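Here's the structure we're looking at; comments come further down.
The values are calculated or read from the model by the stated rules, or taken from the named source; none is laboratory data. Quick caveat: nothing in here was measured; it's all calculated off a predicted structure. With ideal geometry, Cβ positions are generated from the backbone for all residues, glycine too; neighbour counts draw on all protein chains shown. Remember, those area values only see protein heavy atoms, side chains included, never the ligands or the DNA or RNA. Shrake-Rupley method; radii C 1.70, N 1.55, O 1.52, S 1.80 Å.
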Amino acid sequence: MRLKQILSNMDLYFGVIFLYSLIILIVMDVSTRALSLSPFIGTIEVVRCCLIWCVFISLRYTTKEGGHIKMDDILSRFPRKVQIFFELIWHVTAVGVFGVVSFSAVIATIRNRYGVTEALGIPFWIFFLPTIIGFILVTLESLVILVRYIKKMKTVC
């Protein structure tokens, strides 16, 4: 059971690793600027890359934990059947939108596969890859949530 939990939270662990990497890089850059008046070359690009990886790799975990903004106060004022309908629409829309963004990220990566950053020459696909991975994972997680919601909805109605 422990291994299953670790594997199911791998995106969280990777997100934390990228977040700490981002913090360490910024502290090192600021420290070297203060001490030697010369920054690390390319720190901005690596920090940007870490930020992108942190945000998009952790997206599925945020969705799984229900960490996105909701309009629960407004929704709670409606009758229960209307709430169920809007929640169903929300879950279906989430799967559709995340699926479209996943597809768009793949297309954008293919179109920019030969591009590189200016300072370090980091290939653009490294910046696009977490978007693809993150949105595919969040699409699958949203699909799982939708299926669970439909099963729960059948027992309630």
Accessible heavy-atom area order of 152, 81, highest first, probe of 1.4 Å: 81, 152
Accessible solvent surface per residue of region 31-82, calculated while the other protein chains remain in place, 1.4 angstrom probe, Å²: 73 Å²
So how do 3-12, 137-146 stack up, highest first, on mean other-Cβ count within 10 Å? 137-146, 3-12
Here the residues of region 122-151 lying in the modelled label zone of residue 65, meaning backbone nitrogen under 18 Å from a point 7 Å along Cα-to-Cβ, are 134-135, 137-139, 141-142, 145
Would you mind working out the accessible area per residue for region 101-154, using a 1.4 Å probe, and quoting it in Å²? 62 Å²
Cα→Cβ-extended label distance, 7 Å offset, between residue 2 and residue 78, nm: 4.5 nm
5 angstrom amide H check on residue 116, placed H, neighbours 5+ away: 124
Can you tell me the order of 26-35, 51-60 when each peptide is scored by its average per-residue count of other Cβ atoms within 10 angstrom, highest first? 51-60, 26-35
For residue 64, give me every one of the aspartates and glutamates with a C-alpha distance below 18 angstrom, ignoring sequence neighbours fewer than eight places off in its own chain. 11, 72, 87, 141
Go ahead and set up a Gaussian network model of the chain, Cα springs under 10 Å, then flag whichever of 107, 84, 69 fluctuates most. 69
Identified option (computed mean projected area of the Cα convex hull in nm²; candidates [x] 10.6; [y] 12.9; [z] 22.7): [y]
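Per the helix-only calculation at 222 nm, which mean residue ellipticity applies to the chain, given -39500 (n - 2.57) for every DSSP H run of n ≥ 4 and division by its residues, nearest 500 deg cm²/dmol?
On the way: 7 runs with 124 residues, N = 157.
That calculation yields -26500 deg cm²/dmol at 222 nm.
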Using Cα-Cα distances under 8 Å and only pairs 6 or more residues apart, what relative contact order does the chain have, in percent? 28 percent
Taking the Cα-to-Cβ direction at residue 111 and at residue 31 and moving 7 Å from each Cα, how far apart do the two end points lie in nm? 4.2 nm
What part of the accessible area of the chain, given as a whole %, is carbon or sulfur when the probe is 1.4 angstrom? 73 percent
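By its C-alpha gyration tensor, with a ≥ b ≥ c as the square roots of the eigenvalues, how is region 89-155 shaped: rounded for a/c under 1.5, else prolate for a/b larger than b/c, else oblate?
Prolate shape, in that a/c is at least 1.5 and a/b is the bigger ratio.
What size of dipole, in debye to the nearest 20, comes out for the chain about its Cα centre when the only charges are +1 on Lys and Arg C-beta atoms and -1 on Asp and Glu C-beta atoms? Please report the intermediate quantities before stating the final value.
Working: 16 positive and 9 negative charges, 161 e Å.
Dipole about the Cα centre, nearest 20: 780 debye.
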